[in-house]
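One structure is given here, and the rest of the page talks about it.
The values are calculated or read from the model by the stated rules, or taken from the named source; none is laboratory data. These figures come from a predicted structure and were not determined experimentally. Cβ placement follows ideal geometry from the backbone for every residue including glycine, while neighbour counts extend to all protein chains displayed.
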Amino acid sequence: MIKLLFAHTMEVDDPKAAVAEILGQLEIEKNLLKNSVGIFSFHREFAANLVLEALDGALPFELAGISTISSAVRENYGEFILTLTVLTSDDVIFSAGMSDPLGDDINPPIEKLYNECAAKLPGKASFIFSCFPFSYEHSGEKFVASLDEITGEIPNFGAVALDIGIYYRKPLVSFGGFAYEDRAAIILFYGDVRPSYSLSWPANPHVIKGIAFLTKSDGHYITEINAMPAANFFYNLELLEKGDYIRMSSIMLIVENPEFEEPVCMVLLGPLEDGSFFCSSSIPVGSCISIVVLDREYALSLTEKAVSTVKNRKDGVMLFSCSAYYIILELDTFAGIKTIESVLGDSVPYFFAYSGGEICPSKAVKGGHKNRFHNASIIALSFD
């Protein structure tokens, strides 16, 4: 059994006060079981002002987390906030760590990280929580695939770090009181872990099906759709105007994958100067593409629907939502959080953070679940 505890602080300028507030909420002497670990999200100023280092030194367990644009725990939310989930158990053991700089080839540092964390466990891990930095060099699916190859596809849940605002400048991943732009962190779980997942993403009737084919790409950069520059494709459909980067965040691609029961939704960033777009995953040339266009009303209704799937998780739940919803909500970051509050009320304690990509196992065609990288999704994790 894994028990969840939740805490927060807005003391971004005062490490001592932040630590005192977190300790006061957790009451660790009364609430901690034999083994514990912390997962947190934070505004990057908490790292700059040494709050992360102070918190790591004060808590008797390892901490891993990501920077974000906004996060929440029940009845408390904001931009300049640090939110924390403590997972504590008598029968599950945790082992966490951070990679070396990822560089051009991410496999060696991720393999080294996994091996170092695994060496501290009495046997093979049964679950992974992962924190990855946003990267224009590496697609999100590449991080998931790397861990799958190294671990033999141990179930993996996690999120990609964000910077403040709508731009992906210097997102941070934190471990051990420090935060870096180019490193990953993971937490391994050993024991009888019984995770429960929930995944929601834009679907019918808002999807325009089979509208185009991808005709040229360069890795995870989409260069041509229907044999024309990718940007021109969207201009011709009058879905996008030049320079309208906020509008672009509401346009997503829906791509089928024969390994999974459902397609995956992908956000595009751009267009770049050559008319191409950055995509969080590579898409095979020749793929049939469907498109979904989100607006504020649908974003809020999808959030409500997603959170409703976990409203009976009285022991607590962790939620991550794609940052596209933050942008679609006209930069009103709290509209989505207020929707979560209205659904869960006082009955379900929770942790919520926006992310630059979501990692959540999905139903596989051959049965069971396979690890998968998502965009434009809202994912939830709880434990039975």
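Take segment 360-384 and flag every residue that is in contact with a helix residue (DSSP H, G or I) (Cβ under 6 Å, 6 or more places away or on another chain) and not aromatic (Phe, Trp, Tyr). Quick ask: steps written out before the conclusion?
Here is the first cut: in segment 360-384, the residues in contact with a helix residue (DSSP H, G or I) (Cβ under 6 Å, 6 or more places away or on another chain) are 371, 373, 376, 378.
Result: Asn371, Ala376, Ile378.
Going by the structure shown, is Ile328 surrounded by 15 or more Cβ atoms within 10 Å (Cβ to Cβ) and modelled with pLDDT under 90? Before the answer, list the steps.
On the way: surrounded by 15 or more Cβ atoms within 10 Å (Cβ to Cβ): yes; modelled with pLDDT under 90: yes.
When the stated conditions are applied, Ile328 passes them.
Report whether or not Ser287 is under 21 Å from the mean Cα position of the chain (by Cα) and among the small types (Gly, Ala, Ser).
Numbers: under 21 Å from the mean Cα position of the chain (by Cα): no; among the small types (Gly, Ala, Ser): yes.
Considered against the rule, which asks whether it is under 21 Å from the mean Cα position of the chain (by Cα) and among the small types (Gly, Ala, Ser), Ser287 comes out as no.
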Query raised in the report: Looking at this structure, is Ile154 under 25 Å from Val310 (Cβ atoms), in the same structural domain as Ser377 (by TED's automatic domain parsing) and assigned to a loop (DSSP other than H, G, I, E, B)?
Result: yes
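Table: residues versus (1) closer than 30 Å to Glu149 by Cβ; (2) in contact with a strand residue (DSSP E or B) (Cβ under 9 Å, 6 or more places away or on another chain); (3) outside the structural domain of Thr9 (by TED's automatic domain parsing).
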site: Gly316; (1), (2), (3): no, yes, no
site: Thr339; (1), (2), (3): no, no, no
site: Gly356; (1), (2), (3): yes, yes, no
site: His369; (1), (2), (3): yes, yes, no
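Would you say Ile164 is assigned to a loop (DSSP other than H, G, I, E, B), of a type in the set (Val, Ile, Thr) and on the phi < 0 side of the Ramachandran plot?
Numbers: assigned to a loop (DSSP other than H, G, I, E, B): yes; of a type in the set (Val, Ile, Thr): yes; on the phi < 0 side of the Ramachandran plot: yes.
Spelling it out, Ile164 is indeed assigned to a loop (DSSP other than H, G, I, E, B), of a type in the set (Val, Ile, Thr) and on the phi < 0 side of the Ramachandran plot.
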Requested in this report: Only residues in segment 1-16 that are aromatic (Phe, Trp, Tyr) count as the first member; pair them with residues that are crowded, with 20+ Cβ neighbours inside 10 Å and in a loop (DSSP other than H, G, I, E, B), Cβ under 9 angstrom, at least 6 apart or cross-chain, and list the lot.
Outcome: Phe6/Gly316
Query raised in the report: Do any strands (runs of 3 or more DSSP E) entirely within segment 1-88 hold 2 or more residues that are over 23 Å from Gly356 (Cβ atoms), of a type in the set (A, V, I, L, M, F, W, C) and over 18 Å from the mean Cα position of the chain (by Cα), and if so, which?
Result: 3-9
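Got a sec? Which of Leu59, Leu50 is without any contact (Cβ under 8 Å) to a residue 40 or more places away in the chain and surrounded by fewer than 17 Cβ atoms within 10 Å (Cβ to Cβ)?
Values: Leu59 fails: surrounded by fewer than 17 Cβ atoms within 10 Å (Cβ to Cβ).
That would be Leu50, the only listed residue that is without any contact (Cβ under 8 Å) to a residue 40 or more places away in the chain and surrounded by fewer than 17 Cβ atoms within 10 Å (Cβ to Cβ).
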Report task. Report, by residue number, each residue of segment 68-94 that is out of contact with any Ser or Thr (no Cβ under 7 Å at 6 or more places or on another chain), under 22 Å from Lys16 (Cβ atoms) and of a type in the set (S, T, N, Q). Result -> Asn76
Requested in this report: Considering only segment 13-41, state which residues are closer than 23 Å to Ile186 by Cα and touching a Ser or Thr at 6+ places or on another chain (Cβ under 6 Å).
Outcome: Ile22, Leu32, Leu33, Asn35, Ser36, Ile39, Ser41
Query raised in the report: Restricting the search to segment 100-128, which residues are assigned to a loop (DSSP other than H, G, I, E, B), among the small types (Gly, Ala, Ser) and either outside the structural domain of Val144 (by TED's automatic domain parsing) or closer than 15 Å to Ala185 by Cβ (or both)?
Result: Ala125
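This table checks each residue for (1) at pLDDT 95 or above; (2) within 27 Å of Asp90 (Cβ to Cβ); (3) among the polar types (S, T, N, Q); (4) buried (at least 19 other Cβ atoms within 10 Å of the Cβ).
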| site | (1), (2), (3), (4) |
| --- | --- |
| Ala7 | yes, yes, no, yes |
| Asp14 | yes, no, no, no |
| Gln25 | yes, yes, yes, no |
| Lys30 | yes, yes, no, no |
| Leu33 | yes, yes, no, no |
| Ile39 | yes, yes, no, yes |
Report task. Take Asp295 and decide whether it is without any contact (Cβ under 8 Å) to a residue 12 or more places away in the chain and either in contact with a helix residue (DSSP H, G or I) (Cβ under 9 Å, 6 or more places away or on another chain) or crowded, with 24+ Cβ neighbours inside 10 Å (or both). Result -> no
Requested in this report: Please find, among Thr303, Thr309, the residue that is under 30 Å from Leu5 (Cα atoms), hydroxyl-bearing (Ser, Thr, Tyr), touching a residue at least 24 places away in the same chain (Cβ under 8 Å) and surrounded by fewer than 18 Cβ atoms within 10 Å (Cβ to Cβ).
Outcome: Thr309
